[in-house]
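Read through the structure below, which is laid out as structure tokens, and then see the notes.
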Amino acid sequence: MKSIKNQKGQALVEFAIILPLLLLLVLGIIQFGMIIGGYLAVQNAVREGARAGVIGCTNAEINSTMRSVSPNLKSEHLIVSIMPSEGSRRSGETLMIRASYNYPLTIPIIESIFGGAVPLRAEIAMRIE
């Protein structure tokens, strides 16, 4: 009959083998949730920028609106493209806003596996009023 002391040692070794994989899985789930939150923030910023643009705001006002509705995003990482240009917008035409954002990974293990940042892109088209 095996002693209980040996079985406890075996369970500890098995736990030590599984623990890094379990931690990697949990940290990956956390980082994925943070990335999804960043994508939703970019998508919301683009939508709010388009809403401002279709009622006649300038490009500077659109950019300001986009940055104000997404305080969790670093402004220097947010790249915005607005078409058509400010002077050529006419009522009934389509306003297209595209934004890209390099979301920095915050968990060091995940960062070393996937690189330093994840590119997030969003675009929206709305008719100018």
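The values are calculated or read from the model by the stated rules, or taken from the named source; none is laboratory data. Treat the numbers as computed from the prediction; the structure is a model and nothing was measured. So basically every Cβ, Gly included, is an ideal-geometry build from the backbone, and we count neighbours across all protein chains shown.
Descriptive notes on the structure:
- Search result, residues across region 76-85 that are part of a helix (DSSP H, G or I) and surrounded by fewer than 13 Cβ atoms within 10 Å (Cβ to Cβ): 76
- Lone unmet requirement of (1) more than 13 Å from residue 120 (Cβ to Cβ); (2) in a loop (DSSP other than H, G, I, E, B) for residue 72: (1)
- Residue count, region 82-129 (criterion: farther than 21 Å from residue 28 by Cβ and touching a strand residue (DSSP E or B) at 6+ places or on another chain (Cβ under 8 Å)): 21
- Matching residues in region 93-116 - criterion: being modelled with pLDDT under 90 and small (Gly, Ala, Ser): 112, 115, 116
- Residue in region 93-101 that is exposed (fewer than 14 other Cβ atoms within 10 Å of the Cβ), of a type outside the set (A, V, I, L, M) and within 23 Å of the chain's Cα centre (by Cα) present: no
- Residues in region 79-115 that are more than 30 Å from residue 20 (Cα to Cα) and touching an Asp or Glu at 6+ places or on another chain (Cβ under 6 Å): 98 only.
- Matching residues, region 102-128, being surrounded by 13 or more Cβ atoms within 10 Å (Cβ to Cβ) and hydroxyl-bearing (Ser, Thr, Tyr): 103
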